[in-house]
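The values are calculated or read from the model by the stated rules, or taken from the named source; none is laboratory data. None of the values given here were measured: they were computed from a predicted structure. For neighbour counting, all protein chains shown are included, and Cβ atoms are generated from backbone atoms with ideal geometry for every residue, glycine included.
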Amino acid sequence: MGRRSERLSRQGALAHEAAGEGDVIQVVSRAFDILRCFEGHEARLGNLEISSRCGLPRSTVSRLTHTLTRMGQLVYLPRDQKYRIGPSAVAMSTSMMRGLQLRHLIRMRLQEVAEVLPGTVGFVIPDRFHLVYLEVGRAANAIGLSSTSGTRISIASTAAGHAYAAALAPEAAESLLADMEREIPESAKLLRPRLDADRHSLRERGYVTVCGLWSPHINGLAVPLWSPQYQTFVVVTIGLLSNIYDEMRLHRDVAPKILELSVSIRAMLQDGETALFAQRVPTEVH
């Protein structure tokens, strides 16, 4: 009986916790609904107008506008008895726009290199056992290389993935491999035997090459970079047709250009983070 009571009590606590989490999500969702009502920085709305626009009870709107004002997301105008977008919301949107500008600059640099090297040049970020192309530059004559923004590639079978794993701290890499061995063991069998050689290449040369592992027709070279924005390693990578660029040619002709590109993008990432912090507006809470 005691065990059953304890189990029921634990289930009740978990249900209460889940319900509490759902309440928080609903509050956040409603807060965003309110912010969406303001079409432009100069828009001025009262609680009744907000309630009408987003379909929420006026009492709920009143509580949320009060909270959003304390957070700096809204500003209250006593004379008009209305609200407008606050400094924190403006700073947040400015930061997001700067992020888009940064990606545009990165895309331009990738494309510049792709015009010289007839392949697909990518800027990728990690997503569990994969990497996702955030930006891509591709030569018009890049036959058989069709990656675009949003394309997911395997960590275990690509140069970008091997460079990412090689850059990780040993305990982080081991954790990644342990998860792979548990969930996708075939991928772990590709990555683990090559990890020491990849680390050596990264230490000695600053990049990692993988030839014919993802496809017998594709050779790749990749450079990992630490990203302050994402607080993880991102990767600059290129894939080229293996019948044109064998491993020797990757080292001789491709590596210098990708290393130069990575230096340029590293500077963009660092400058972008500095600019984002500079754009943040401190808000005093009353």
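Odds and ends about this structure:
- Residue in the range 199-206 that is in contact (Cβ under 8 Å) with a residue 40 or more places away in the chain and either within 20 Å of L261 (Cβ to Cβ) or in contact with a Pro (Cβ under 6 Å, 6 or more places away or on another chain) (or both) present: yes
- Residues of the range 225-259 satisfying the condition of being outside any loop (DSSP other than H, G, I, E, B) and exposed (fewer than 13 other Cβ atoms within 10 Å of the Cβ): M248, R252, P256
- When we screen S147, S95, S187, S175 for residues that are assigned to a helix (DSSP H, G or I), hydroxyl-bearing (S, T, Y) and modelled with pLDDT under 90, the only hit is S95.
- Among the residues of the range 156-172, those that are in a helix (DSSP H, G or I) and either loosely packed, with under 13 Cβ neighbours inside 10 Å or not assigned by TED's automatic domain parsing to the domain that holds G239 (or both) comprise P170, E171.
- Among the residues of the range 22-61, those identified as assigned to a loop (DSSP other than H, G, I, E, B) and among the aliphatic types (A, V, I, L, M) are A43, L56.
- Screening L102 on (1) under 20 Å from L225 (Cα atoms); (2) at pLDDT below 90; (3) surrounded by fewer than 18 Cβ atoms within 10 Å (Cβ to Cβ) shows it passes everything except condition (3).
- For the range 199-224, the set of residues classified as surrounded by fewer than 19 Cβ atoms within 10 Å (Cβ to Cβ) and assigned to a strand (DSSP E or B) consists of C211 only.
- Check on H200, of a type outside the set (S, T, N, Q), within 30 Å of D253 (Cα to Cα) and modelled with pLDDT under 95: no
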